[in-house]
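In what follows, a structure is listed as structure tokens, so that the remarks can point back to it.
The values are calculated or read from the model by the stated rules, or taken from the named source; none is laboratory data. What you are looking at is a predicted structure, and each value in this text was computed from that prediction instead of being measured. Here Cβ is always computed from backbone atoms with ideal geometry, including for glycine, and neighbour counts include all displayed protein chains. Keep in mind that these areas ignore ligands, DNA and RNA; they rest on the heavy atoms of the full protein, side chains included. Shrake-Rupley method; radii C 1.70, N 1.55, O 1.52, S 1.80 Å.
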Amino acid sequence: LVSDDIGKFRRGDYPAGTTFHDRDELDALQRDLRDVKGVSVLIYEQTCATEKRRRRKRGEMEDPKRFAVINDLVCEGCGDCSVASNCLSVEPKETPLGRKRKVNLSTCNKDFSCLDGFCPSFVTIEGGERRKAQVDLELGPLTDGLPSPVADPLGRPFNLLVTGVGGTGVVTVGALISMAAHIEGKAASVLDFTGFSQKFGTVLSYVRLARDEDALNQVRIDPRGADAVIGCDVVVTSAPKASPHYRKGTQVVLNLAEMPTGDLVLRRDADLMVATRRQEIASVVGAENLSSFDANKASEALFGDAVFANVMMLGYAWQKGLVPVGQEALDRAMVLNAVAVDRNRLAFAVGRALASDPSRVPGYAEPTAEVETLDQIVARRAAHLTGYQNAAYARRYTDRIGRLRAALRDDELATLAAKALFRFMAYKDEFEVARLMLSPSFTDDVTGNFSAGKMTYHLAPPLLAWRKDGRGRPKKMAFGPWVRGVFRVVGGPCPARHRAESLRLPRRGARPSPHPVVGLRSARPDGARPDPREPKRLA
């Protein structure tokens, strides 16, 4: 018997020979049982993680005050946390130092299996709470004076397709629209295709509106029959299940947020190609009929949670005239829904303002795509290497890239080399991990997003982590705030801390060292002896 709360079971209630295990042992148990001859039984008891999240949102289940965060300075983007958890709330994070990983706390089920990823970058915040966005939003300033949209008169049935992924409120959007139509005495039908979409799976919601029931002869939208689309996820909106419903003239409101798919679990560097998907949709419906923005980023910036993104999309589409029901009816539908009514009202109003006049929304700025030049890339990494060791070490980096750039006369190739050489020179040993855990930017990020709370670090230090996990690797251990004192000794600027003399490939013909780290620093390419005045790396 395996459970996430194994202590609640009384041993005497079960047959002799039954063994009791925490969920952490599940992988090892399955491996053991497959070698048992005959019949074996394994019972895994745990409430569905998605159901837990639903109950917590409704206040029906305790929501533990524990959050997992990733120090992206330590993270190398290997994706092992995704392999360990198979969770799509562990998302890619594009940083100036490359693609890393982050935990989307808006969708996190607090399963914490991602902590099993063999990486020292995970920290949990226990006993604290997430800080809410400090943006002051009021309904009046957001919507007063906005032009009233021209809605479809419903001379014929109006076909509205809502697309998205499970667990984000796509079905709720369709339910709000149909309830608003019912309040106004209009006919409405909703057909939800959810499939395996409890969380992040494809969801299509067919919403059909008409003046009376006789006009709704079917609930499904025909191919090329969609009059409007609220695309809450760019991947689903461009997928083969949704796109056959589009035609020239279909009005589309598209969320450009990159919500993860299974590909990002299987392939750490998978690209969702958002720009290409948007362009393909525009080529079908017409560029003039497509409006788009990143609703998730707007929701996180304004509300501190991406959960209001889809209601924001609804407000945006309504202001564009794509939802032929009245505002009062929609407002009444939100009240009847009885979930975060005030915030949903504000999210709807924000969507309206973004569709008509974004300047009305305080704290919102259109995202700009900034592309770093090669000089900026080199300068950023040189500054990091200065902190990693010293200015002389950083100068070696800039000099090497400068010579390579002059020889290649190809900035694109030199950019790849600059990024690769930096990863090579900024090798993350125990000393560097300790230094980065004390980084002011990481500390400021944590204190800015959480109120109070104890920080716990999940590490597998050499010699101490003698237990093995299900995959035969050292099992990670939890260390409280006291370990920061150890970080200061190991990673701080003190005489006991040694840095790399340099990381260079061995000269041609040199014998490789049996130890990879020693081999990297064993000799200079030019054959010169190392300067004894320079610090050396501990193997």
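Can you tell me which residue is surrounded by the most Cβ atoms within 10 Å (Cβ to Cβ) among those in the stretch 135-165 that are part of a loop (DSSP other than H, G, I, E, B) and within 26 Å of the chain's Cα centre (by Cα)? Full working, then the answer.
Quick first cut of the stretch 135-165, residues part of a loop (DSSP other than H, G, I, E, B) only: 135-138, 144-157.
The next check asks that each one be within 26 Å of the chain's Cα centre (by Cα); those that pass are 135-137.
On the way: 135: 15, 136: 8, 137: 19.
This residue is 137.
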> Of the conditions (1) open to solvent by 10 Å² or more (accessible area, probe 1.4 Å); (2) of a type in the set (A, V, I, L, M); (3) not in a helix (DSSP H, G or I), residue 323 fails just one. Which one is it?
Replying inline: (1)
> If you scan the stretch 203-255, which residues turn out to be crowded, with 22+ Cβ neighbours inside 10 Å and basic (Lys, Arg)?
Replying inline: 208
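Based on this model, can you work out whether residue 70 counts as loosely packed, with under 12 Cβ neighbours inside 10 Å, at pLDDT 90 or above and not polar (S, T, N, Q)?
Numbers: loosely packed, with under 12 Cβ neighbours inside 10 Å: no; at pLDDT 90 or above: yes; not polar (S, T, N, Q): yes.
No.
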> Which members of the stretch 290-315 meet the condition of being open to solvent by 20 Å² or more (accessible area, probe 1.4 Å) and either modelled with pLDDT of 95 or more or of a type in the set (S, T, N, Q) (or both)?
Replying inline: 291, 292, 296
> Is one or more of the residues making up the stretch 361-377 assigned to a helix (DSSP H, G or I), open to solvent by 50 Å² or more (accessible area, probe 1.4 Å) and in contact (Cβ under 8 Å) with a residue 12 or more places away in the chain?
Replying inline: no
>> Residues to consider are 137, 105, 146; find the one that is within 21 Å of residue 50 (Cβ to Cβ) and not polar (S, T, N, Q).
In response: 105
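State the number of residues belonging to the stretch 385-398 that are part of a helix (DSSP H, G or I), open to solvent by less than 40 Å² (accessible area, probe 1.4 Å) and touching a residue at least 60 places away in the same chain (Cβ under 8 Å).
Qualifying residue count for the region: 2.
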> Can you name the residue in the stretch 1-16 that is assigned to a loop (DSSP other than H, G, I, E, B) and out of contact with any strand residue (DSSP E or B) (no Cβ under 9 Å at 6 or more places or on another chain) and, of all such residues, is surrounded by the most Cβ atoms within 10 Å (Cβ to Cβ)?
Replying inline: 14
> Considering only residues of the stretch 91-113 that are in contact (Cβ under 8 Å) with a residue 60 or more places away in the chain and under 26 Å from residue 420 (Cα atoms), which is surrounded by the fewest Cβ atoms within 10 Å (Cβ to Cβ)?
Replying inline: 96
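Residue check: is residue 457 open to solvent by 20 Å² or more (accessible area, probe 1.4 Å), of a type in the set (Phe, Trp, Tyr) and within 28 Å of the chain's Cα centre (by Cα)? Working first, answer last.
Details: open to solvent by 20 Å² or more (accessible area, probe 1.4 Å): no; of a type in the set (Phe, Trp, Tyr): yes; within 28 Å of the chain's Cα centre (by Cα): yes.
No, not satisfied.
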> Which one of the conditions (1) closer than 22 Å to residue 488 by Cβ; (2) surrounded by fewer than 18 Cβ atoms within 10 Å (Cβ to Cβ) does residue 434 fail to meet, given that it meets all the rest?
Replying inline: (2)
> What is the number of the single condition among (1) in contact (Cβ under 8 Å) with a residue 60 or more places away in the chain; (2) exposed (fewer than 13 other Cβ atoms within 10 Å of the Cβ) that residue 468 does not meet?
Replying inline: (1)
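Rundown of residues vs (1) among the aliphatic types (A, V, I, L, M); (2) within 22 Å of residue 136 (Cα to Cα); (3) modelled with pLDDT of 95 or more, yes/no style:
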site: 326; (1), (2), (3): no, no, no
site: 336; (1), (2), (3): yes, no, no
site: 349; (1), (2), (3): yes, yes, no
site: 366; (1), (2), (3): no, yes, no
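To keep it simple, each residue is scored yes or no on (1) in a loop (DSSP other than H, G, I, E, B); (2) exposed (fewer than 11 other Cβ atoms within 10 Å of the Cβ); (3) in contact (Cβ under 8 Å) with a residue 24 or more places away in the chain.
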| site | (1), (2), (3) |
| --- | --- |
| 18 | yes, no, no |
| 35 | yes, yes, no |
| 41 | yes, yes, no |
| 54 | no, no, no |
| 61 | yes, no, no |
>> Of all residues being open to solvent by less than 70 Å² (accessible area, probe 1.4 Å) and of a type in the set (Phe, Trp, Tyr) in the stretch 471-497, which is modelled with the lowest pLDDT? Just the residue, please.
In response: 487
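Just for the stretch 403-424: of the residues that are more than 22 Å from residue 434 (Cβ to Cβ) and touching a residue at least 24 places away in the same chain (Cβ under 8 Å), which one is farthest from the chain's Cα centre (by Cα)? Working first, answer last.
Kept after step one, since they are more than 22 Å from residue 434 (Cβ to Cβ), are these residues of the stretch 403-424: 403-421.
Narrowing further to those that are touching a residue at least 24 places away in the same chain (Cβ under 8 Å): 405, 411, 414-415, 418-419, 421.
Details: 405: 35, 411: 31, 414: 30, 415: 27, 418: 27, 419: 23, 421: 28 Å.
The selected residue is 405.
Only one of 447, 456 is in a helix (DSSP H, G or I) and out of contact with any Leu (no Cβ under 9 Å at 6 or more places or on another chain). Can you tell me which?
Numbers: 456 fails: in a helix (DSSP H, G or I).
After ruling out the rest, the residue left standing is 447.
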> Can you name every residue in the stretch 256-281 that is touching a strand residue (DSSP E or B) at 6+ places or on another chain (Cβ under 9 Å) and of a type in the set (Val, Ile, Thr)?
Replying inline: 261, 265, 281
>> Take the residues in the stretch 114-134 that are open to solvent by 40 Å² or more (accessible area, probe 1.4 Å) and in a loop (DSSP other than H, G, I, E, B); name whichever of them is farthest from residue 472 (Cα to Cα).
In response: 134
